[in-house]
Amino acid sequence: MHDVAIVGFGPIGQMLALPLGRAGHDVIALERWPKPCSLPRAVHFDDEIGRIFQAAGVGEDVRAITDPVPDQ
């Protein structure tokens, strides 16, 4: 038995599993494809998504592989 089942382990499923697991929930993730998609799925995120990355503990990792877009 698991507390949470996540169907689809793409970017959203992964970001959902991380805080749930850290909060002590027993999480199972189900994915039909054996390997991650080789094409980029997200090309932009805003400050709200940045805060979600930070809360999930991956903010520094994301900053290391992204480039900021200057405000216009």
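The values are calculated or read from the model by the stated rules, or taken from the named source; none is laboratory data. This one's a predicted model, so the numbers in the text were calculated from it and none came from an experiment. Glycine also receives a Cβ, built like all others from the backbone with ideal geometry; neighbour counts cover every protein chain displayed. To get the accessible areas, we keep the full protein, side chains included, count just its heavy atoms, and leave off ligands, DNA and RNA. Shrake-Rupley method; radii C 1.70, N 1.55, O 1.52, S 1.80 Å.
A 1.4 Å probe run over the chain, with the rest of the protein chains in place, finds 88 Å² accessible per residue. In this structure, ARG32 and ALA55 have a Cβ-Cβ separation that, at R0 = 30 Å, corresponds to a calculated FRET efficiency of about 0.60. If you compute log10 I(q)/I(0) by the Debye sum over Cα atoms at q = 0.15, 0.19, 0.23, 0.28 Å⁻¹ for the structure shown, which of [x] -0.53, -0.77, -1.01, -1.28; [y] -0.61, -0.91, -1.16, -1.33; [z] -0.65, -0.85, -1.04, -1.24 do you land on? Of the labelled values, this structure produces [y]. In a DSSP loop and with at most 14 other Cβ atoms within 10 Å, the chymotrypsin sites (Phe, Trp or Tyr not before Pro) in segment 6-72 are PHE45. Given +1 at the Cβ of Lys and Arg, -1 at the Cβ of Asp and Glu and no other charges, the dipole of the chain around its Cα centre is 320 debye to the nearest 20. What the phi angles of segment 17-22 give under the Karplus curve with 6.51, -1.76 and 1.60, with θ = phi - 60°, is a coupling list of 5, 4, x, 5, x, 5 Hz, glycine and proline written as x.
On the principal axes of its alpha-carbon atoms, segment 16-57 has extents of 30, 29, 11 Å, going from largest to smallest.
Coupling constants for segment 25-36 follow from the phi torsions by the Karplus curve (6.51 cos²θ - 1.76 cosθ + 1.60, θ = phi - 60°), and in residue order they are 7, 8, 10, 10, 10, 10, 9, 7, 9, x, 10, x Hz; glycine and proline get x.
What FRET efficiency comes out for VAL43 versus VAL4 if R0 is 25 angstrom and r is the Cβ-Cβ distance? Round to the nearest 0.05. It comes out at approximately 0.30. Overall, the accessible surface of the chain at a probe of 1.4 angstrom is composed of carbon and sulfur to the extent of 60 percent.
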